[in-house]
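Written out below as structure tokens is the structure these notes cover.
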Amino acid sequence: MKINQAEKKQNQTVLQVALEPEDVEKYMNWAYKRVVGRIKIPGFRKGKAPRNIVERFVGREALLNESLDHMASDTARIAIDQEKLEISGPPDVEIEELEPTITLKIIVPLVPNIDLGEYTKLRVPFNNPEITDEQVDDSLKQIQKEMAPWEPVDRPVKIEDMITIDVEGSVDNEIVINEKDVVYIAEPGNERPFPGFAEKIVGLSKGLQQNFSLDIPEDYTVTKFAGKKSDFAVTVSEIKERKLSTLDDEFAKGVGEGFDDLEALRVKLRENLKEHANLHSEKEYREAAIDALVDHTEFELPPILIEREVDAMMRDNEDTLKRQQIDMDQYLSSLGKTTDEIKEELKEDAVKRLRRSWTLTKLAEIQDIKVEEDEVNSRVDAMSTGDSQNSKQLRQLFNSERGRDSLRRSIITEKVIDALVAVTKGETEDKLPKRKKSSRKTAKKN
């Protein structure tokens, strides 16, 4: 095996590998052992014909083709080991020539050189959320609305009314909705069946058919309707409005398990809002801390890793469209863009995702953050309590090595971000493991 390594650029290198006849021979033997058991040659028991007979029977080219995938992956592994390359992901292998010498082109992504620098000096301000009286009032009014009974009224439709209607709607002369006695709440921003429908029915009276048109937004999620005009015929048969209770002590006594008075209810609502705001603020802060560390850290990603991340994002998008019963080609056509243009737009987000992953991986390495098996077991127990079918399925999932490994990576990521937050909040460094020198090993992402 002859290996020529190109210059390392952008944390990526190319190996040109030419296989010697003896290298090829072992893969031909490997192919022969696979083929001989699948064919029947006259005069020989199945699986017992010698290689020269099999080769004459199926042809040398057939044996070579049988071995190519295995030959390529195995040769890439051997070449990378011989060159002592530290890889950041699987290589791309291309067979350039078969005759007169089998030659391979192996594109190898290398481990980025990541230096977090003086990251322990990073600081991110934390905004402690305050709950206003207005927020408490809004929460109280929402409960008032949810508890209010609906009562019939004899007047035209107003916003937030509950109405019963017959509705027929079409787009491009094709009926898209035709329903009788539909109960509909005319809430602001209601996008069913299309954005603006709720506002259009305001002012309608009972028993009269009203015809109107709606322009569907260009960015409507169902692309076959986006940017088109919809026509509707609507007849209202019933109109109801909420009968709101007075916000007083008696009202508070009927909320949940009951409160002594309105002020006690307001105190509880403030506590709930504060708890929710704290959780939201902490989540946002953790993301801000990660962004600060990533922005602080400079390193170059192998282009091949970026391409793969973009491809993965494209597959995710295609899966999402399939669930919405939208064809990718139709989606691209509606946008007026090509696959390559979409991929180019995704590249920035792909780089952000990869930089985040590699930066957190590096922090876990230098802080020697690990997960013990009892931590995994405790998390599994916490997630799968009881005898429900869901609990049993979770336990079965996390009893597999793949499931446990996924959970292990998740716990490591949580611990890494916890350590980072301790830094960015300026908390005592006693909470951080003692920094150790980085060891140069093949890296794996969290």
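Some observations on this one:
- A simple spin-label model places pseudo-atoms 7 Å from Cα toward Cβ; at Gln144 and Lys253 they are separated by 1.9 nm.
- Residue-averaged [θ]222 nm for the chain, counting only DSSP H segments that reach four residues, each worth -39500 (n - 2.57): -15500 deg cm²/dmol
- Residue-count net charge about Gly196 - beta-carbon cut-off 15 Å; Lys, Arg +1, Asp, Glu -1: -3
- On the principal axes of its alpha-carbon atoms, the stretch 238-370 has extents of 67, 54, 23 Å, going from largest to smallest.
- Paramagnetic label zone (point 7 Å from Cα along Cα-to-C-beta, Thr164; backbone N under 15 Å) in the stretch 190-210: 206-208
- Cα→Cβ-extended label distance, 7 Å offset, between Glu341 and Lys46, nm: 5.5
- Taking label points 7 Å from Cα along the Cα-to-Cβ direction, Gln10 and Lys229 give a separation of 4.9 nm.
- The three principal axes of the C-alpha atoms in the stretch 292-345 carry coordinate ranges of 41, 20, 20 Å, sorted with the longest axis first.
- Per-pair calculated FRET efficiency, R0 = 30 Å: Arg402 and Asn65 via Cβ, rounded to 0.05: 0.40
- Residue ranges 100-106, 278-284 sort as 100-106, 278-284 when ordered by packing (mean number of other C-beta atoms within 10 Å per residue, highest first).
- Computed extension length for Met328-Lys84: 83.6 nm, one decimal, from 0.36 nm per residue of separation with the Cα-Cα distance subtracted.
- As a calculated quantity, the FRET efficiency between Asp381 and Asp418 at R0 = 35 Å, using C-beta atoms, amounts to about 0.95.
- In this calculation the C-beta distance from Glu191 to Asp154 is compared with R0 = 25 Å, giving a FRET efficiency of 0.30.
- Here the stretch 328-345 and the stretch 84-117 have alpha carbon centers that stand 30 Å from each other.
- Positive-end residue of Leu214, Val183, Phe197, charge dipole of the stretch 174-234 with Cβ unit charges: Val183
- Straight-line cross-link partners of Lys274 among the aspartates and glutamates, defined as a Cα under 18 Å from its Cα and at least 8 positions apart when in the same chain: Glu130, Asp133, Glu134, Asp137, Asp138, Glu263, Glu282, Glu284.
- Convex hull volume per residue for the chain, taking Cα atoms only, in Å³: 280
- Structure note, pairs Lys322/Lys425; Lys352/Lys392; Lys283/Lys343; Lys26/Lys352: Cα-Cα distances above 32 angstrom occur for Lys322/Lys425; Lys352/Lys392; Lys26/Lys352.
FYI, it's all coordinate maths here, none of it is from the lab. All of these numbers come straight from a predicted model, not from anything done at the bench. Ideal geometry is used to build each Cβ from the backbone, glycine not excepted, and the neighbour counts take in all protein chains shown.
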